[in-house]
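Undergrad: Encoded as structure tokens, here's the structure I'll be asking about.
Nothing in this text is a laboratory measurement; each read-out follows from the coordinates by a stated rule. Computed from a predicted model, the values in this text were never measured in an experiment. Glycine also receives a Cβ, built like all others from the backbone with ideal geometry; neighbour counts cover every protein chain displayed.
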Amino acid sequence: MVNSPSFLGYTRLGAETTASKTDLREQFDFGTPGMKPWSEKDDPLWQRLEGDNQYPDHPGAQALVEEYMARSAELSQKFMHCVSECLSLPPTTFASFKGEMDRLKFIKYPQAPPGSQGVGPHKDSSGLFTFLSQDDTGGLQVLNKNGEWIDAPPVEGSLVVNIQQGLEAITGGVCAATTHRVVAPTTKTRHSIAFFLAVRMDLTTEELRESAAHIVKRIPASDDKKKRAVDVPSEFLSPLYSCFGEAYMRNRILSHPDVGQRWYPELYEKYSQQKLQ
Ligand SMILES: O=C(O)CCC(=O)C(=O)O
Ligand SMILES: [Fe+2]
């Protein structure tokens, strides 16, 4: 991944940081193929997050990744319609928020001493929803409304769906982003595959406030529930960033400091000193 300004490719064990601690996992990150090349002259820096994949040197890997991404994109399209209906909104309400490059990650967690951090507490930040497939090892946990960690145990043939910060921001916090983590396995290796449905990176906080107000008005949640949900902090809603792309760039740089330092040294310095407001 260190060769990719788009944070795509292989991340070795120990190179990723979440909640200021090193994660015990290795992974391959891929994006929807065929993105427009970044132009230094015309495009904002965050546009560079959309780039070319680095495929492993393994027969069939590229075809498999591309098929997995295409089918997940199709599924997520239907899922978004269902979510809109559940919120009593027209089925295509979220269509105009959909971003260009979805992401797919193949993750491996090696055995570790009890209580080790596979991946630390976080909210997914590149988009609207995450569709997660996990093997039968267990270790995925979700924070409930009382602030307790509860297991999200493997259920064969199922996907875990996380709400990402993009949807949280768009719905004014009514659909709160899922805070989750993985406790490292102690007796065997754990594998998981995560598909991240992209949100539009050019969406500015101003546009967002307008559309969120419009959507929130129409979602039939109690005012009390709406208010509490908005209290969840989100880097996407931080006044520090003018659009989703910028907020996502910060997230990538702090999660993958080696890549951040190589390609975006000035931003790395800035973000590592900045407290999220
Ligand atoms: O491995 C898992 O089950 C979760 C992975 C995850 O939350 C992530 O990579 O964002
Ligand atoms: Fe996650």
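Undergrad: Using the Karplus curve 6.51 cos²θ - 1.76 cosθ + 1.60 with θ = phi - 60°, work out ³J(HN,Hα) for each residue of region 128-142 in order, rounded to whole Hz, and write x for Gly and Pro.
TA: 9, 9, 10, 10, 10, 10, 10, 6, 8, 6, x, x, 6, 9, 10
Undergrad: Amide H neighbours of E100 under 5 Å, counting only residues 5+ apart in sequence or on other chains, H built in-plane at 1.01 Å?
TA: M201
Undergrad: Restricting to DSSP H runs of at least four residues, report the calculated mean residue ellipticity at 222 nm for the chain, -39500 (n - 2.57) per run over all residues, nearest 500 deg cm²/dmol.
TA: Taken over the chain, the calculation gives -9000 deg cm²/dmol.
Undergrad: Can you give the relative contact order of region 9-272 as a percent, counting alpha carbon pairs under 8 Å and 6+ residues apart?
TA: On the way: 509 pairs, mean separation 56.7, N = 264.
Over region 9-272, the number comes to 21 percent.
Undergrad: Further question on the same structure: Using just the alpha carbons, could you tell me how many Å³ per residue the convex hull of the chain encloses?
TA: Once divided by residue count, the hull of the chain is 136 Å³.
Undergrad: May I pose another question? Order these by the 10 Å Cβ neighbour count, fewest first: I107, I170, I163, I150.
TA: I150, I163, I107, I170
Undergrad: Give me the number: length gained by fully extending K108 to D43, i.e. 0.36 nm times residue separation minus the C-alpha to C-alpha distance, one decimal in nm. If you can, show how the numbers build up before the last one.
TA: Working: separation 65, 0.36 × 65 = 23.40 nm, distance 3.44 nm.
The span from K108 to D43 would gain 20.0 nm if fully extended.
Undergrad: Pop a pseudo-label 7 angstrom from the Cα along the beta-carbon direction at both D52 and T187 and give the gap in nm to one decimal.
TA: Going by the 7 Å Cα→Cβ label model, 4.6 nm.
Undergrad: Convert each backbone phi in region 250-266 into a coupling constant with the Karplus relation 6.51 cos²θ - 1.76 cosθ + 1.60 (shift: θ = phi - 60°), then list the ³J(HN,Hα) values in order as whole Hz, x for Gly and Pro.
TA: Taking θ as phi minus 60°, the curve returns 4, 4, 4, 5, 6, 6, 10, x, 5, 5, x, 5, 6, 9, 9, x, 5 Hz for region 250-266.
Undergrad: Here's a follow-up. Determine, from the Cβ-Cβ distance of E207 and E156 and an R0 of 45 Å, the FRET efficiency 1/(1 + (r/R0)^6), rounded to the nearest 0.05. Present the calculation step by step, with values, prior to reporting the outcome.
TA: Values: r = 42 Å, r/R0 = 0.92.
Plugging the Cβ-Cβ distance into 1/(1 + (r/R0)^6) gives 0.60.
Undergrad: Using Cβ contacts closer than 10 Å as the measure, can you line up W46, W38 from fewest to most?
TA: Going from sparsest to densest Cβ surroundings: W38, W46.
Undergrad: Right, here's the next one. Of E210, E156, how do they rank once you tally other Cβ atoms within 10 Å and put the fewest first?
TA: E156, E210
Undergrad: Checking the cross-link filter: which aspartates and glutamates have an alpha carbon closer than 14 Å to that of K270, excluding same-chain neighbours under 8 positions apart?
TA: By straight Cα distance, K270 reaches E246.
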